[in-house]
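All remarks here apply to the structure that follows.
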Amino acid sequence: MQMLCVQDFVFEFPIFHPLVDPVTGRIDVKRAFPKWRRNVNHLWQVLMYARKIFYKIETKAPLNGEAASLYEQDMEQYRQHVADSVQAAKQRLMQPPTSDDPFALRFSPWSDPVHTEVKQQMLNSKARQSEERSANPRDLGLSWMRPGSTQTFARDDPASA
């Protein structure tokens, strides 16, 4: 029996952030998911956590002490380091990943022959869904979640009780 567990979220190039290890580029996922529970925890929750740490900066028990210290004591210097980090990331964005991981994200410049058809398919799919107006929220890609929560089916609705 194979257990799927997400232990690491790794940036390939340095990201200046208190919760990103400056050497490995790793975010400590166990901070948000101390015990990974199959069929409870999901990859999208890990992605939401990774997004959240950039909106709500946490400096407690940092993986990057310099970033945490600058965030607390010298915001202007912190912002400069972040701007440099973002600029470096943008310059490397289109480079292929250094790992041979088939699931690594790969970015490429816009190419009309490649991307226009896919864009049109996505737009047509959305239009078709709204025309069909399925009664099943799952068919519409909806998920009942309380804002700020990562728990599925946490909708606050007296009618659903």
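Every number in this text was worked out from the coordinates using simple rules, so none of it is lab data. Only a predicted model underlies this, so the values are computations on that prediction, with no experimental measurement involved. Cβ atoms come from the backbone with ideal geometry, glycine included; neighbour counts cover every protein chain shown.
Using a cut-off of 15 Å between beta-carbons, work out the net charge of the residues near residue 106 (Lys and Arg +1, Asp and Glu -1, residue 106 not included). Within the 15 Å Cβ shell, the charges total -2. Near residue 20, the amide H atoms lying under 5 Å from its own belong to 63, 64; only residues 5 or more places off or on other chains count, and H is placed 1.01 Å from N.
If you take all other residues with their beta carbon under 10 Å from the beta carbon of residue 95, and give Lys and Arg +1 and Asp and Glu -1, the sum is +1.
With the simple model of a label 7 Å out from the Cα in the direction of the Cβ, residue 114 to residue 39 spans 4.0 nm. Does segment 10-98 come out rounded, prolate or oblate by the C-alpha gyration tensor, with a ≥ b ≥ c the root eigenvalues, rounded set by a/c under 1.5 and, if not, prolate when a/b is larger than b/c and oblate if not? Because a/c hits 1.5 or more and a/b fails to exceed b/c, segment 10-98 counts as oblate.
Seen from residue 61, the other residues with C-beta closer than 11 Å to its C-beta sum to a net charge of 0, counting Lys and Arg as +1 and Asp and Glu as -1.
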